[in-house]
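A.B. asks: Next up is a structure, given as structure tokens.
The values are calculated or read from the model by the stated rules, or taken from the named source; none is laboratory data. Fair warning: this is a prediction, and the values are worked out from it, not measured in the lab. No Cβ is skipped: glycine too gets one built from the backbone with ideal geometry, and neighbour counts run over all protein chains shown. Side chains included, ligands, DNA and RNA excluded: accessible areas come from the protein's heavy atoms. Shrake-Rupley method; radii C 1.70, N 1.55, O 1.52, S 1.80 Å.
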Amino acid sequence: MASWSGQPHIKGSSEAMRMALLTFSLVGLQFTWGIELTYCTPYLLQLGLTKSKTSLVWIAGPLSGLIMQPIVGVIADRSTSKYGRRRPFMVIGSFVVGLCLLVLGWAKEIVGYFVEEGEFKKECTIVVAVLAIYAVDFAINAVQACCRSLIVDTLPIPKQQTGSAWASRMVSVGHLIGYMVGMVDLVGVFGTSFGDTQFKKLTLVAAWGLILAVAVTSWAVTERVLISNKATDSQNGGFQIIGQIVRTATQLPPQIQAICNIQMWSWIGWFPFLFYSTTWVGETYYRYDAPEDIGHSNDALGDIGRIGSMSLVVFSLVTFAGAFLLPFFVKSPEEEGFTARPPAAIAKIVTKANKHKPDLLTAWTWGHVLFSVAMLLAPLARSFRVATFLVALCGVPWALACWAPNAYLGIEVNRLSSNDPSNYRRLSTDDPIELGFNSSPSLLRLEHGPDDEAVSSTGELSGLYFGILNIYTTIPQFIGTFISMIVFHILEPGKSPELSDDPIPEEPHGGPNAIAVCLFIGAVSTIGAAFATKKLKSLY
């Protein structure tokens, strides 16, 4: 049995403030991911990589997720640090990410100190940039694993869906800030201080943004401290940790296995969208809407990045709206056995509307369908506006994809470590937004014991199970990378014409856009995710 000291604390005088502070680290996390996804593909293309080789670079994401998240999750689960199990990894990891981002942005200058001008310098610059991307991905996955687990550790079961909804909101805020900053010509506005290119300035902002966001959450949340765990004290070796991950992954409870299956099918679709949609929108503009002299631009990278960011700003606005509004229209576990008393004037309307609220699984299913329809139409896009519209449509499914799997996994993980896994009850039937605080406003009461005392939180193995969920998120990325590599090799084997040194050809759109084909293939897989979600619903 594990022994613990203390109870989790969250600063803040209201539920909304506590939830915001608990999940604020995800703003910086998603902003950093957004900068990488928006600019790194065209950045590598500009350095001279072909699209097929660039797709190999993005194995960094799934590889780091496959290795780092489950291992760091298990190590954090067993951590006996006096600062808690998650926050030390979050803080240290954020500084490592920041340093690697700066290396990525200033790769040419760093190589220039050691290597003279020439082809060898270009090759070394590519190597440094690729290594920096790998380092960023490995470190940021460690941070992400602990940010998600912290939410599960801190909140009681009835609040897992609410906490995950707030996490989705913070992810959407990070997306929105990232894409809006990407639209601004930072060099033109702030000059060449602290970076003479758009990409350098963005990496600098992302580095400090992540460190600040993680610092806010780490300041606001106090974790309970693990004193000892007799079941794992003698199993701290590397082979024992890997063995635990393998055993657990091969013996998952039915509900958790179903959640992981959904994640696997859906991420075959999300991977090409998140990594290549910015470049696809920019290339669509170059192919069909750009003026004739666009090929003579001195900064094709910046042009494509800004053009793609404009469409993704619309996407992030839709995601932002969906993340904030959808929880009001989706039934929450808290509503089971509890009905709020609205004002008499609107009581009938509210009661009728509540009866027709879909649950989160139903909303998630339709989110898969909407994403599939939008991406099935991607190869037919013949204008920048159509491409932007299709990307924007995916904002609602993305809000659900950031919300639903984490919510249901949090519920299931907490059920596993509770005394009665088949049941959980509401902490209060008097206040629909109460988290269960006692006379001390900073002490989060997770459950009521028989003596009405706060007891230890659940989620003891949240790091392990979220790591396994991430394995099911990263395996599709290997599949997506393999598919995109083949598609790029067949349809666009050379350097990107939009980013080459030669002027844009008179007929650059003679064949299908390779990225659009990848998006189409991903959409087909997401249809499978919709069927898998219906299967999960049958288990509840």
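A.B. asks: Each residue of the stretch 358-372 in turn: what ³J(HN,Hα) in whole Hz from Karplus with 6.51, -1.76, 1.60 and θ = phi - 60°, glycine and Pro shown as x?
C.D. replies: Whole-Hz 3J(HN,Hα) from phi for the stretch 358-372: x, 7, 5, 5, 5, 4, 5, 4, 5, x, 4, 5, 4, 4, 4.
A.B. asks: Order of 478-484, 381-387, 21-27 by packing, highest average Cβ count within 10 Å first?
C.D. replies: Averaged packing, sorted descending, gives the order 21-27, 478-484, 381-387.
A.B. asks: Beta carbons within 10 angstrom, averaged per residue: use that to sort the peptides 262-273, 206-217, highest first.
C.D. replies: 262-273, 206-217
A.B. asks: Quick one: in the stretch 115-184, what % of C-alpha pairs are over 21 Å apart?
C.D. replies: Tail fraction, whole percent: 55.
A.B. asks: In addition: Please compute the per residue accessible area over the stretch 11-229 with all protein chains in place, 1.4 Å probe, rounded to a whole number of Å².
C.D. replies: I get 35 Å² per residue for this part.
A.B. asks: With a 10 Å radius around each residue's Cβ, average the other Cβ atoms per peptide and rank 241-247, 44-50, highest first.
C.D. replies: Top of the packing list down: 44-50, 241-247.
A.B. asks: Just the number, please: carbon plus sulfur as a percent of the accessible area of the stretch 35-132, 1.4 Å probe, no ligands or DNA/RNA counted.
C.D. replies: Accessible surface attributable to carbon and sulfur in the stretch 35-132 totals 71 percent.
A.B. asks: State the dimensionless ratio Rg/Rh of the stretch 1-141 (Rg: radius of gyration of Cα atoms; Rh: Kirkwood radius).
C.D. replies: Rg divided by Rh gives 1.09.
A.B. asks: Moving to a separate point now. Residue separation times 0.36 nm, minus the C-alpha to C-alpha distance between L325 and Y288: what's the value?
C.D. replies: 9.8 nm
A.B. asks: Quote the Stokes-Einstein diffusion coefficient, in whole µm² s⁻¹, for the stretch 79-150, based on the Kirkwood radius over alpha carbon pairs, a temperature of 37 °C and a viscosity of 0.692 mPa s.
C.D. replies: 242
A.B. asks: Of the chymotrypsin sites (Phe, Trp or Tyr not before Pro) in the stretch 104-164, which ones lie in a loop per DSSP and count no more than 11 other C-beta atoms within 10 Å?
C.D. replies: For chymotrypsin sites (Phe, Trp or Tyr not before Pro) across the stretch 104-164 that sit outside H, G, I, E and B with at most 11 neighbouring Cβ atoms in 10 Å, the list reads Y113, F114.
A.B. asks: Follow-up. Going down the table (K121/K200; K11/K331; K122/K200), which pairs top 25 Å between alpha carbons?
C.D. replies: Those over the limit are K11/K331.
A.B. asks: Around D359, which amide H atoms from residues at least 5 apart in sequence, or from another chain, sit under 5 Å from its own amide H, with H modelled in the peptide plane?
C.D. replies: K331
A.B. asks: May I pose another question? Stretched out fully, how many nm does the piece from F120 to F95 gain, at 0.36 nm a residue minus the Cα gap?
C.D. replies: 5.9 nm
A.B. asks: Rounded to whole Å and sorted largest first, list the principal axis extents of the Cα atoms in the stretch 11-229.
C.D. replies: Principal extents (largest minus smallest coordinate, Cα): 59, 39, 29 Å.
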